[in-house]
Structures are given as structure tokens and as C-alpha cells.
Amino acid sequence: MKNLFLLASVLMMISVAFVATSCGDDDGVMPLPQKSNARYEVSSITADMTAFYDISASYFDLDGQLHNESVDGMQWVKNLSDGPVDAKFFCQVTARLKAERPTYTSDNYTFGYESKYEVYRPSIGVKTGAEKFEKEVPAADLEQFLAANAQKTIIMVEK
């Protein structure tokens, strides 16, 4: 009987110690931010892509204002942070065939880019997307490729 009482007392003390130490605010869980954020990126745009196409970006900032920008280089990045919890996401990056194109001097042409986006709003969580496009086109097939790809959507985000 004495051993049973001692065993029960030890088990009760262990249980009380476990319950007392498992309660508290520093349990390692970080609260999710209550702000909206977005990142849009187009990179690795090939020289042939910029030579034959005009590339433009349209996007809403986190306050809902529409912006239009020309993508003039080999990369375009837009970071938007600390927006309202109900921010609407919209980004469209489009390549349109130029009216005036360079003369054909190469045997092959390389068209390509990488695109990705990451948006966060407390009500939807994190949403991501990515695409890589690369196409090598022989000079003999260039006109056919350009006619079939007069306009190309690089990024389209609407959330």
C-alpha cells in the first residue's frame, strides 16, 4: 500500500510539472502577419526576346492603384509590402511583337525568360507560381514562330 501511494504521488508530481511547463506564450508559434505582400519577377529575359518584343508590366499596388511600366532590360522585379489585409492582387506582364524588327543575321534565335510570383493575404495565405520558357528557333522558322507568338503573356496573377 505504501509503494502504491508513493508511485501515485510521483506520477501526480510529474503530471503537474508537465502541465505547468506546457502552458505559456513562448511555444514557438509565430503569428501570421496581418499585412498583404506581393513579389513579381521576370528574369533571364534573352537578348532576342528584347530585340523582337516590347515587354510591359501592368499591376495594382497594394492600395489598388494601377501602374504600367515598360520592361527595358533582362529583368523586372516588383516588391510590394505592408498592404491592407484585403489587398487585391493583379499583375500582367506581356510581350508584344515589335512593329520594327531587327534584320535576321543569325542562324538561330533564342527566346526565353523565367517568371515567378508570390503573394500573401491573410485570408488566402501564400500563393505562388513560376514558369520557365526557352525556345531556340532556326532562322528558317523565325517568321512562322513570330506569327504564332505575336503576343505572349509572361505573368498573369489575379487573386
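So how many residues does segment 143-159 have that are acidic (Asp, Glu) and surrounded by 15 or more Cβ atoms within 10 Å (Cβ to Cβ)? Lay out the reasoning, then the answer.
Quick first cut of segment 143-159, residues acidic (Asp, Glu) only: 143, 158.
Applying the additional criterion that residues be surrounded by 15 or more Cβ atoms within 10 Å (Cβ to Cβ) yields none.
The number of residues fulfilling the criteria is 0.
Being touching a residue at least 24 places away in the same chain (Cβ under 8 Å), open to solvent by 100 Å² or more (accessible area, probe 1.4 Å), in a strand (DSSP E or B) and over 14 Å from Ala47 (Cβ atoms), is that true of even one residue in segment 107-117? Show your work before the answer.
Step one: of segment 107-117, the residues touching a residue at least 24 places away in the same chain (Cβ under 8 Å) are 107-117.
Applying the additional criterion that residues be open to solvent by 100 Å² or more (accessible area, probe 1.4 Å) yields 107, 116.
Going one step further and asking which of them are in a strand (DSSP E or B), we end up with 116.
Now restrict to residues that are over 14 Å from Ala47 (Cβ atoms): 116.
Scanning segment 107-117, I find at least one residue that is touching a residue at least 24 places away in the same chain (Cβ under 8 Å), open to solvent by 100 Å² or more (accessible area, probe 1.4 Å), in a strand (DSSP E or B) and over 14 Å from Ala47 (Cβ atoms), so the answer is yes.
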Open to solvent by 100 Å² or more (accessible area, probe 1.4 Å), at pLDDT 95 or above and not charged (D, E, K, R), is that true of Asn37? no
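Would you point out the residue of segment 42-61, among those that are under 17 Å from the mean Cα position of the chain (by Cα) and buried (at least 19 other Cβ atoms within 10 Å of the Cβ), that is nearest to Tyr104 (Cα to Cα)?
Taking segment 42-61 and keeping what is under 17 Å from the mean Cα position of the chain (by Cα), we get 42-45, 57-61.
Okay, now just the ones that are also buried (at least 19 other Cβ atoms within 10 Å of the Cβ), so 42, 45, 57, 59-60.
Numbers: Val42: 26, Ile45: 19, Ala57: 27, Tyr59: 34, Phe60: 37 Å.
Applying the filter and picking the extreme gives Ile45.
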Can you confirm whether segment 68-77 contains a residue that is closer than 21 Å to Tyr120 by Cβ and either aromatic (Phe, Trp, Tyr) or surrounded by 14 or more Cβ atoms within 10 Å (Cβ to Cβ) (or both)? yes
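Residue by residue, here is whether (1) modelled with pLDDT of 95 or more; (2) among the β-branched types (Val, Ile, Thr); (3) within 13 Å of the chain's Cα centre (by Cα) holds:
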position	(1), (2), (3)
Asp72	no, no, no
Lys98	yes, no, no
Arg101	no, no, no
Lys127	yes, no, yes
Leu142	yes, no, no
Ala150	yes, no, no
Glu158	no, no, yes
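Before we move on, is Leu80 surrounded by 12 or more Cβ atoms within 10 Å (Cβ to Cβ), touching a strand residue (DSSP E or B) at 6+ places or on another chain (Cβ under 7 Å) and within 15 Å of Ser58 (Cα to Cα)?
On the way: surrounded by 12 or more Cβ atoms within 10 Å (Cβ to Cβ): yes; touching a strand residue (DSSP E or B) at 6+ places or on another chain (Cβ under 7 Å): yes; within 15 Å of Ser58 (Cα to Cα): yes.
The answer is yes for Leu80.
Confirm whether Ser115 is within 24 Å of Gln34 (Cβ to Cβ) and polar (S, T, N, Q). Reasoning before the result, please.
On the way: within 24 Å of Gln34 (Cβ to Cβ): no; polar (S, T, N, Q): yes.
Here the answer is no, as Ser115 does not meet what is asked.
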Does at least one position in segment 143-153 carry a residue that is farther than 24 Å from Ser36 by Cα, part of a strand (DSSP E or B) and of a type in the set (Phe, Trp, Tyr)? no
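The values are calculated or read from the model by the stated rules, or taken from the named source; none is laboratory data. Remember, predicted model here, so these are calculated numbers, not experimental data. Heads up, the Cβs are rebuilt from the backbone with ideal geometry, glycines too, and the neighbour counts pull from every protein chain shown. For accessibility, only protein heavy atoms count, side chains too; no ligands or nucleic acids. Shrake-Rupley method; radii C 1.70, N 1.55, O 1.52, S 1.80 Å.
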